[in-house]
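Input: a single structure, listed below in structure tokens.
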Amino acid sequence: MGRLTRSYHIRGMDRVLYARVPEWPEGTFEQSEDHEGLLRLNVEGIRSPEQLQAAIFHLDQIAEQFTLAVSLRIGCPLTNMVEASIEPHFDAEGVATVNVTLRASDTLESSVSPRAPPSDIEQLPAGAARWIHTLTETRTLAGHPDEVLKRLFLIIEELKDVHGSVLTAVDVATIDELALVRDFVSHPVCDRKKVSRFISVRLPSAMVSPAPMLTVRYDRTNVEHRNFVGRFDPSARGIVNKLLAAAIAALT
């Protein structure tokens, strides 16, 4: 019988996650002074090459789901890479020896106090990956509220029809406004009547031409324009959080 140990270098964290090194049945997680993480996972009792491949797949899945769960919790886009894999090798007689595979890796990118590690390793369904990646990417776009809003609205558009029951009447009305602002920032010049009327009243400096051919344009070099769009961020995130929680619950 053999033992598989795989180490995953997790990048992108901006804080210490736990007050002490957690020790889960699956393995451990440690961080360096610059917050880079090393997740070590193990499987015991491997008896064949087929079991080894299944175990590798299983550990890779755990690592990905752990990365997703932490990414959502701290709001940072995270990545993981296999840094080392210590694998049993089976000869013709079925005797296990050890292979060590090292892989090159790069490094991890607030602040909340570390918390005690949970009793179970943090996990989220892999099916939530695209939503979480889209949401946490907004962290890197803080200087561009137009790009942030586009990504938040992508999640809202995808989830609202299926999970809209968690939204209030105010949320639904807010989504209509968010759609208008998203259209405003998505075109060089916007002449859609609803968009133009909504924006010209609230942001007169965006007007390019007056009625009856009313058009508006978003200028990301204009502080007033950026601030206007940024005011919709909290309400958009609130709606995203409700929809995302419902969508994740439906996957579990």
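FYI, it's all coordinate maths here, none of it is from the lab. The shown structure was predicted, so the numbers you read here are calculated from the model rather than taken from an experiment. Reconstructed Cβ throughout: ideal geometry from the backbone, glycine too, with neighbour counts over all protein chains shown.
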- Note on the structure: Given backbone amide H placed at 1.01 Å from N, residues whose amide H is under 5 Å from that of residue 208, ignoring those fewer than 5 places away on the same chain, are 215, 216, 217
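For the chain, what does -39500 (n - 2.57) per DSSP helix run (n ≥ 4), summed and divided by total residues, give at 222 nm, in deg cm²/dmol to the nearest 500?
Helices in the chain give a 222 nm mean residue ellipticity of -14500 deg cm²/dmol.
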- Looks like the chain, by Cα gyration tensor root eigenvalues a ≥ b ≥ c and the a/c under 1.5 rounded cutoff (else prolate when a/b is bigger than b/c, oblate otherwise), is prolate
- Message: Quick check: Cα centre of region 208-252 to Cα centre of region 1-77, how many Å?
- Response: 36
- Interchain or sequence-distant (5+) residues whose placed amide H lies within less than 5 Å of the amide H of residue 83 are 7, 8, 9
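Based on the Cβ-Cβ distance from residue 223 to residue 137, what FRET efficiency comes out when R0 is 22 Å, to the nearest 0.05?
Given R0 = 22 Å and the Cβ-Cβ separation, E is 0.40.
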- Note on the structure: Under the Karplus relation with 6.51, -1.76 and 1.60 and θ = phi - 60°, whole-Hz ³J(HN,Hα) for region 20-35, x at Gly and Pro, equal 8, 5, x, 10, 9, x, 7, x, 9, 9, 10, 10, 8, 4, 9, 6
- ³J(HN,Hα) across region 147-158 via Karplus (A = 6.51, B = -1.76, C = 1.60, θ = phi - 60°), whole Hz, x for Gly/Pro? 5, 4, 4, 4, 6, 4, 6, 4, 5, 4, 4, 6
- Message: Can you work out the Karplus-derived ³J(HN,Hα) for every residue in region 79-90? Use 6.51 cos²θ - 1.76 cosθ + 1.60 with θ = phi - 60°, whole Hz, and x for glycine or proline.
- Response: 10, 10, 9, 6, 8, 7, 9, 9, 10, x, 10, 10
- Determine which aspartates and glutamates satisfy two conditions relative to residue 242: a Cα distance under 14 Å, and not lying fewer than 8 residues away in the same chain. 157, 158, 161, 171
- Query: Considering only DSSP beta bridges with both partners in the chain, what is the antiparallel share in %, to the nearest 5?
  - Reply: 95
